[in-house]
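Note sheet for the following structure.
Readers should treat all values here as calculations from the given coordinates under stated rules, not as data from a laboratory. Since the model is a prediction, treat every value here as computed from it, not as a measurement. Note that we place each Cβ from the backbone using ideal geometry, even for glycine, and neighbour counts take in every protein chain shown.
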Amino acid sequence: MPRHLLAAAILASSLPLAAQTIPPSVEAAKAAVSSASIRAYDRYLSDDLLEGRYPGQRGGELAAKYIASQFESYGLKPGGDKGTFFQQVDFTSVKADPVKTTFTLVPKTGAPTKLRFADDFVVFNEQLTSSVTISAPIVWVGYGITAPEFQWDDFAGIDVKGKVILCFVNDPPSDDPNFFGGKSLTYYGRWTYKFEQAARKGAIGALIIHRTDLASYGWDVVRNSNSAEKTFIAHDENPHVKAASWIQLDVAKQIFAASGTDLDKEFTAAGTRGFKARELPIKLDATIVSTVRNFQSPNVIGILPGAPGNDQAVIYTAHYDHLGVKSDGKPAEDNIFNGAGDNGTGAAMILEMARALSVAKVTPPHSMIFAAVTAEEQGLLGSAYLAQHPPVPIGQINLDLNFDEILPYGQGDQLHASGSQRTTFYPTLETTAKRFGYSIPPPRPDTSGGYYRSDHFSFAHAGVPAFSVGQGGDLKYIGPDEAKVKALAANYNKNDYHNVTDNFHEEWDFTGNAALCRLGIELGWNSLTGPPITWKAGDEFEAARKASK
């Protein structure tokens, strides 16, 4: 008997009876998972040679070609364009000129107020042109939300076509989990939704009021994320505003004061049923001058095909891109955003799951799709395109399991799977995780909207039950160095995340990553052989799922 099959048989004999329903070939695949292989993938993907894996640049292309060559060596079927592993995505980036871009508030009475770029406001032109001018009234729309399921419409009775909306980030305040998620943020509260809804209503601009307690991050995050290059999927047929902007809280106070009211009063009114939007006696005069850049970057897709017929596919996703090279780095310092933790780890893990399934010659009843996606750091763009252009019909994808920033500090005892409780797959996840030695901590209110910030969200938005898998919660690590490991994790989050210090370390322990790969293989198999997975009744993505069928 080959060694990998012998190992699988030994492993299977020690598992509870419920696990014996897993075929020997899948057990063999789990046994074939190697932490050393994951280490090798991550070491290469985070090497200086790949220059931070920025989309559309040399390092990003090298990473994509490396992943495709691995998929090909495993014998996976290409899932990209024209019989290749590459699904090319056209992107357009814009970067507002901080000097030539101007915002001026013009009240009906009183002197105009010129705002300062980056200090008072940030903006990007979603219509992706080099220059645009705006002179339009500002319309106060509360939270800028239309949510029929909650009987809430901030745009009721107001026409915002050709105007600029003003709104708060986040949802209306609630302690009721059945009303805008209670303390948890829904997609209606995300800044992306605000801009999307403004455009759908015909507005030409949107001003989101920043408040640290509502956004869960300070103005520095807003400024740094929106004053540099901003990337979009090119040729997007959805409507877009000309001015997608954030403004400082003090600027909003000026707007309300010039309108004869005050911010605190309007904030209270916006969170109350019966709120009425209204045009304010103040307009925005703006000029937005941008540098425009067009480029391509691929998603890399490999498929382990299932039997012909109606698919019930599982898709494994992880983004391979990162932040490239620091433009202001000095020659003497490390100026490459290597992204070893974020997300060399996740990309390495989907490579290892694909390799292990290939080695064990698993023949699944439905397709198992492996997708290393691009431009996650630019706003989940690669996965958004993939969800719009999947290799099988979107209604036939039963589950997306996403892997993002899984730090290689050893084996933990808790499973992070935020959002899994929203799906009918959760009981299977819970039972399977328990057999693997993981507990799943009770869900906490997602006040910062973390569920909407990784690639699984792109599939959820399209209706596919989806969540990320990782070690999370109040971890207890298996081994004698728990305190040291927790210190490493805290240091990473404080100093290395999205920094040039996110480098590969030879002493990293990938045993926890390997354990999650084994879990991921079994979860994927269970999704192929169990009943169709849906969102629980009343979930915000339930309607999209029904529409995809």
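Listing for the model above:
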quantity: Sum of side-chain charges, PRO24 neighbourhood, beta-carbon under 11 Å (Lys, Arg +1; Asp, Glu -1); calculated: +1
quantity: Segment SER327-GLU237, extension gain: residue separation times 0.36 nm, minus the distance between their alpha carbons; calculated: 29.2 nm
quantity: Environment charge at LYS95 (Cβ cut-off 10 Å; Lys +1, Arg +1, Asp -1, Glu -1); calculated: 0
quantity: Net charge over other residues, Cβ less than 11 angstrom from the Cβ of ALA118 (K, R count +1; D, E count -1); calculated: -1
quantity: Lys, Arg +1 and Asp, Glu -1 on Cβ, resulting dipole of the chain about Cα centre, debye, nearest 20; calculated: 840
quantity: Stretch gain in nm, segment LYS108-SER448, where the contour uses 0.36 nm per residue and the Cα spacing is subtracted; calculated: 118.7 nm
quantity: Positive-end residue of GLN197, ASN178, SER216, charge dipole of segment 94-292 with Cβ unit charges; calculated: GLN197
quantity: Relative contact order, percent, the chain [alpha-carbon distance under 8 Å, six or more residues apart]; calculated: 21
quantity: Quarter of the Cα convex hull surface for segment 94-292, i.e. its orientation-mean projected area (nm²); calculated: 10.6
quantity: Computed FRET value (nearest 0.05) for ASP481 with ALA228, which takes r as the C-beta separation and R₀ as 30 Å; calculated: 0.20
quantity: Among GLY52, ILE315, ILE406 - extreme Cα towards positive end, dipole of the chain, charges at beta-carbon; calculated: ILE315
quantity: Estimated dipole of segment 278-371 in Debye, rounded to 20 [Cβ of Lys and Arg +1, of Asp and Glu -1, Cα centre]; calculated: 160
quantity: Label-point separation in nm, GLN88 to LEU49, each point 7 Å along Cα→Cβ; calculated: 2.5
quantity: Hits among lysines - C-alpha to C-alpha of LYS361 under 18 Å, sequence gap 8 or more where chains match; calculated: LYS30, LYS77
quantity: Debye intensity ratio in log₁₀ form over the Cα atoms of segment 65-199, taken at each q of 0.16, 0.18, 0.20 Å⁻¹; calculated: -0.97, -1.06, -1.18
quantity: Square roots of five times the Cα gyration tensor eigenvalues for the chain, Å; calculated: 43, 25, 22
quantity: Reachable lysines from LYS546, criterion Cα separation under 20 angstrom, eight or more residues apart if same chain; calculated: LYS536
quantity: Potential extension, LYS536-ALA40 segment - 0.36 nm per residue separation minus Cα distance; calculated: 174.6 nm
quantity: Rel. contact order, % - alpha carbon contacts under 8 angstrom, at least six apart, segment 83-240; calculated: 28
quantity: 25 Å Cα-Cα threshold exceeded, pairs from LYS194/LYS283; LYS194/LYS549; LYS230/LYS486; calculated: LYS194/LYS549; LYS230/LYS486
quantity: Segment 335-376 versus segment 242-296: alpha-carbon centroid distance in Å; calculated: 42
quantity: Selection from PHE155, VAL169, LEU357 lying farthest towards where the dipole of the chain points positive, charges on Cβ; calculated: PHE155
quantity: Helical contribution to [θ] at 222 nm, DSSP H n ≥ 4, -39,500 (n - 2.57), averaged over the chain, rounded to 500; calculated: -9000 deg cm²/dmol
quantity: ALA544/THR424 FRET efficiency (R0 22 Å; Cβ-Cβ; nearest 0.05); calculated: 0.90
quantity: Reachable aspartates and glutamates from LYS100, criterion Cα separation under 20 angstrom, eight or more residues apart if same chain; calculated: ASP119, ASP120, GLU126, GLU229, ASP285
quantity: Antiparallel DSSP beta bridges within the chain, as percent of all bridges there, nearest 5; calculated: 65
quantity: At R0 = 45 Å, FRET efficiency that the Cβ-Cβ distance of ARG273 and SER73 yields, to 0.05; calculated: 0.15
